[in-house]
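The values are calculated or read from the model by the stated rules, or taken from the named source; none is laboratory data. Since the model is a prediction, treat every value here as computed from it, not as a measurement. Virtual Cβ from ideal backbone geometry, glycine too; neighbours counted across all protein chains shown.
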C-alpha cells in the first residue's frame, strides 16, 4: 500500500515539472539578457566610484543578479550568521555550480575556481568579469600563481572565496580540505571564515542537486530548472584563528566546523 501511495505521489510531482519549465525558462532567458548590458555597465573602473547604500555599485549588482539567478531555479535563500567585512578568506564545501552565485548573493568576493568554468556558457563569462581567479587543476605552477594573486587581493582589502575540496562533490560529506591554499590567509594575515552550503529542506542536503555521474554542466542546469523548490542555505561560521599551528591545522578546523554545521559525522 505504501508503495502505491509513493508512486502516485511521484506521478503528481512529475506533473508539476512542465509548469516549472514554463514559468522558469522565460525568467532565466530574461535574466541572461539583462546580464550582458549590466556587466558592461558595472564592471568598469568608473563604476568603482558609484555607491548604492554605501556599497560599490558592481558589488551590489553582483549580489542582486546572483540572488535572483538562484531564486529563478526555485531555491529559497536562507542565511545564518554574518560574513566578516573587509579582507577575509571564505572557505566553503563545494556542492554545485550554483555555489558561487549563492555566496555572491550575500557577499561579493573574488573566487578561485577551476579553469573549466571560464568556458561555461554565461556563468563563465560573468565569473571572469567578477574577478574570478582560475586554477588549472593538477598544475603546481598554476596554483602558485593563483596564490600570489589571491594574496595581492587580500592585501588590497578585498575578500576571496575558495573551495578547498578541489572540486564539486556528491554532497553526502565534506571531503578533505587541501591545506596549501590556506597559506594565502597566513601570508596576507587575514581571518579565515568557514561557510557551510546546503541545498534541501529542513537543513538536510538534497543529493539530487550535485552533478550526477558524468552529468554535464548543461544537463545539470536543465535538470535543476525543472526540480521542485527547496532551500539554499549559507551558514557563515565562527572564524578559524591564525594561531601559528600551520595551514594543515587551519584547514582541518575549517572543515570540521563546516561538517558539524551540516550534520555530517567526522570520519
> For residues in the range 160-173 being within 22 Å of residue 106 (Cα to Cα) and in contact with a helix residue (DSSP H, G or I) (Cβ under 8 Å, 6 or more places away or on another chain), which is surrounded by the fewest Cβ atoms within 10 Å (Cβ to Cβ)?
Replying inline: 168
> Regarding residue 258, is this residue crowded, with 19+ Cβ neighbours inside 10 Å, over 18 Å from the mean Cα position of the chain (by Cα), touching a residue at least 40 places away in the same chain (Cβ under 8 Å) and assigned to a helix (DSSP H, G or I)?
Replying inline: no
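Yes/no matrix, rows are residues, columns are (1) under 11 Å from the mean Cα position of the chain (by Cα); (2) over 19 Å from residue 203 (Cα atoms):
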{"position": "80", "(1), (2)": "no, no"}
{"position": "85", "(1), (2)": "no, yes"}
{"position": "100", "(1), (2)": "yes, yes"}
{"position": "113", "(1), (2)": "yes, yes"}
> Is the range 203-219 home to any residue that is assigned to a helix (DSSP H, G or I), touching a helix residue (DSSP H, G or I) at 6+ places or on another chain (Cβ under 6 Å) and either modelled with pLDDT under 95 or within 15 Å of residue 88 (Cα to Cα) (or both)?
Replying inline: no
>> Residue under question is residue 249, and the condition is that it be under 25 Å from residue 147 (Cα atoms) and either under 18 Å from the mean Cα position of the chain (by Cα) or part of a loop (DSSP other than H, G, I, E, B) (or both); does it hold?
In response: no
> Condition test on residue 225, is it closer than 22 Å to residue 119 by Cβ and either touching a helix residue (DSSP H, G or I) at 6+ places or on another chain (Cβ under 6 Å) or crowded, with 19+ Cβ neighbours inside 10 Å (or both)?
Replying inline: yes
>> If I go through the range 228-241 residue by residue, how many of them are more than 12 Å from residue 194 (Cα to Cα) and either out of contact with any helix residue (DSSP H, G or I) (no Cβ under 8 Å at 6 or more places or on another chain) or surrounded by 17 or more Cβ atoms within 10 Å (Cβ to Cβ) (or both)?
In response: 5
> Which ones in the range 66-94 are under 22 Å from residue 150 (Cβ atoms), outside any strand (DSSP E or B) and touching a strand residue (DSSP E or B) at 6+ places or on another chain (Cβ under 9 Å)?
Replying inline: 83, 84, 87, 88, 93, 94
>> Cβ contacts < 9 Å: first residue at positive phi and assigned to a loop (DSSP other than H, G, I, E, B), restricted to the range 180-192; second residue modelled with pLDDT of 95 or more and crowded, with 23+ Cβ neighbours inside 10 Å, any location; separation 6+ or different chain. Result?
In response: none
> Do you know which of the residues in the range 137-159 that are modelled with pLDDT under 70 and either part of a strand (DSSP E or B) or in contact with a strand residue (DSSP E or B) (Cβ under 8 Å, 6 or more places away or on another chain) (or both) is surrounded by the most Cβ atoms within 10 Å (Cβ to Cβ)?
Replying inline: 142
